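Okay, so here's the structure we're looking at.
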Amino acid sequence: MKGYNMLINHNQNMLCLDEFDILELRENADECDYLFVVSPKIETKICTKCGSCNVVNYGRYTKLVRDININEHYTALKIRGHKHLCKDCGSIFVDRFNTLDLCSKMTNRLRCKI
């Protein structure tokens, strides 16, 4: 287990996205692919509709997005985020990230590179 943790710490530097914790790295040797399974370091705790802090977790979601290649390996992120419910206005919303737009299927840094 110690070796696995060291591998994850090394991979944290490999991805260079500070707002995510890497839970797992899956490699496909045949296709030279990396799939990083990540979760947000900080959850969104303010309602995006009314600005209230009276928010509770309302489930989980998974989102697959494309990222820039790492060492010529096709790279994707599988984001495991949270849904939230605002107790004041009843709005349901998901975590927001600086790395990507809300409905985007690719990171902002990949979009800039294209």
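Please give the calculated 222 nm ellipticity per residue for the chain, where each DSSP H segment of at least 4 residues contributes -39500 (n - 2.57) and the sum is spread over every residue; nearest 500 deg cm²/dmol?
It comes out at -5000 deg cm²/dmol, rounded to the nearest 500.
What angle, in degrees between 0 and 90 and rounded to the nearest 10, separates the Cα long axis of helix 2-15 from the longest principal axis of the Cα atoms of the chain?
With both axes taken from Cα atoms, the answer is about 80 degrees.
For the chain, report the accessible area per residue in Å² (1.4 Å probe, heavy atoms, rounded to an integer).
63
Which peptide among 56-68, 90-102 comes first, and what is the full order, when sorted by highest mean count of other Cβ atoms within 10 Å?
So the order, starting with the most tightly packed, is 90-102, 56-68.
Name the GluC sites (Glu not before Pro) in the stretch 15-114 that are in a loop by DSSP and that have at most 11 other C-beta atoms within 10 Å, would you?
Qualifying residues, ordered by number: Glu31, Glu72.
Check Ile70: other-chain or 5+ apart residues with amide H under 5 Å from its amide H, H built from backbone geometry?
Excluding prolines and chain starts, which carry no amide H, the hits are Thr75.
Can you list residues whose amide H is under 5 Å from Met106's amide H, if they're 5+ apart or on another chain and H is modeled 1.01 Å from N?
Placed amide hydrogens put Arg66 under 5 Å from Met106.
Give me the net charge for the shell around Asn57: Cβ to Cβ below 9 angstrom, other residues only, Lys and Arg +1, Asp and Glu -1.
Neighbour charge sum, excluding Asn57 itself: +1.
Is the C-alpha gyration tensor of the chain telling us rounded, prolate or oblate? Criteria: a/c under 1.5 is rounded; beyond that, a/b larger than b/c is prolate, otherwise oblate.
Prolate.
The values are calculated or read from the model by the stated rules, or taken from the named source; none is laboratory data. This one's a predicted model, so the numbers in the text were calculated from it and none came from an experiment. Cβ coordinates were reconstructed from backbone atoms using ideal geometry, including for glycine residues, and neighbour counts include every protein chain displayed. Please note that ligands, DNA and RNA were not included when accessible areas were found on the heavy atoms of the full protein model with its side chains. Shrake-Rupley method; radii C 1.70, N 1.55, O 1.52, S 1.80 Å.
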